[in-house]
């Protein structure tokens, strides 16, 4: 007659050991795959850093995103296989679990709809190359009052992680993305609206801005960010005491903000030099209300 303790020891020495080795092997393999994926993405980033390119190419961004997705899918496959092997070692009849699993799957299907939607949306984001690692994007999220704006740090089949200019990490489920605006696709445009008083000579201001654009295009630090010479579009808006002249410049992907800052600094210095200023607006209604209070 075998004692219960001896049966437990036998089970632990055989099935229990196999289960432990399977789980340990799955963890080790997943860690190795994660390390390998990080090495591949790091190598892609190093090639970009060692090159003379100012921005990542579309192929580089796509390879980076695909490497992350393949890593995630491979790790998921390893854990699924390990789970099935554990069921086998526990001598659980997989065939008899089909019917209960079907009922359970139908019950969980309603709750898992969003997860499936996220995965399908992520699949199309990556295959269609809507955006990738390093892109500057503006994402409209369902139910959110503000768009998620920043640089893409990670794209998987389920989520997109964006780093904002303030350093915040925004995690967006792919299925909740209504609209994604890629601000660094192929090329970008810096738009600078210059306010001037209505008494200023528009022709002189336009000529001044044109010459300023020519001078900026000749500077090596600015020219390497531009695709062509900045141009003056003309009067963009007209108000009671001031008007706005628009200046635009085609830039490399994602460099429109840097170019815009450089142009604004030069325009502000030139306007100050020419003595062109816009008088500050005074909200008389607010002043009267505060005095009466």
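The values are calculated or read from the model by the stated rules, or taken from the named source; none is laboratory data. Quick caveat: nothing in here was measured; it's all calculated off a predicted structure. Cβ placement follows ideal geometry from the backbone for every residue including glycine, while neighbour counts extend to all protein chains displayed.
Observations on the structure shown:
- Applying the criterion of being surrounded by 11 or more Cβ atoms within 10 Å (Cβ to Cβ) and modelled with pLDDT under 65 to the residues of region 32-59, the residue that is farthest from residue 183 (Cα to Cα) is 51.
- Applying the criterion of being touching a strand residue (DSSP E or B) at 6+ places or on another chain (Cβ under 9 Å) and surrounded by fewer than 11 Cβ atoms within 10 Å (Cβ to Cβ) to the residues of region 141-170, the residue that is nearest to residue 71 (Cα to Cα) is 168.
Residue by residue, here is whether (1) part of a loop (DSSP other than H, G, I, E, B); (2) at pLDDT 85 or above; (3) in the same structural domain as residue 243 (by TED's automatic domain parsing) holds:
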{"residue": "144", "(1), (2), (3)": "yes, no, no"}
{"residue": "167", "(1), (2), (3)": "yes, yes, no"}
{"residue": "175", "(1), (2), (3)": "no, yes, no"}
{"residue": "208", "(1), (2), (3)": "no, yes, yes"}
{"residue": "214", "(1), (2), (3)": "no, yes, yes"}
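- Residue within region 193-202 that is in a helix (DSSP H, G or I) and modelled with pLDDT of 85 or more present: yes
- Some residue of region 255-269 being more than 30 Å from residue 140 (Cα to Cα) and surrounded by 13 or more Cβ atoms within 10 Å (Cβ to Cβ): yes
- On inspection, residue 29 qualifies as at pLDDT 80 or above, under 42 Å from the mean Cα position of the chain (by Cα) and surrounded by 13 or more Cβ atoms within 10 Å (Cβ to Cβ).
- Hits in region 148-167 (condition: farther than 21 Å from residue 255 by Cβ, without any contact (Cβ under 8 Å) to a residue 60 or more places away in the chain and over 12 Å from the mean Cα position of the chain (by Cα)): 158
- Residue in region 264-275 that is in contact with a helix residue (DSSP H, G or I) (Cβ under 9 Å, 6 or more places away or on another chain), modelled with pLDDT under 85 and in a loop (DSSP other than H, G, I, E, B) present: no
- Verdict on residue 189 being closer than 29 Å to residue 133 by Cβ, modelled with pLDDT under 90 and assigned to a helix (DSSP H, G or I): no
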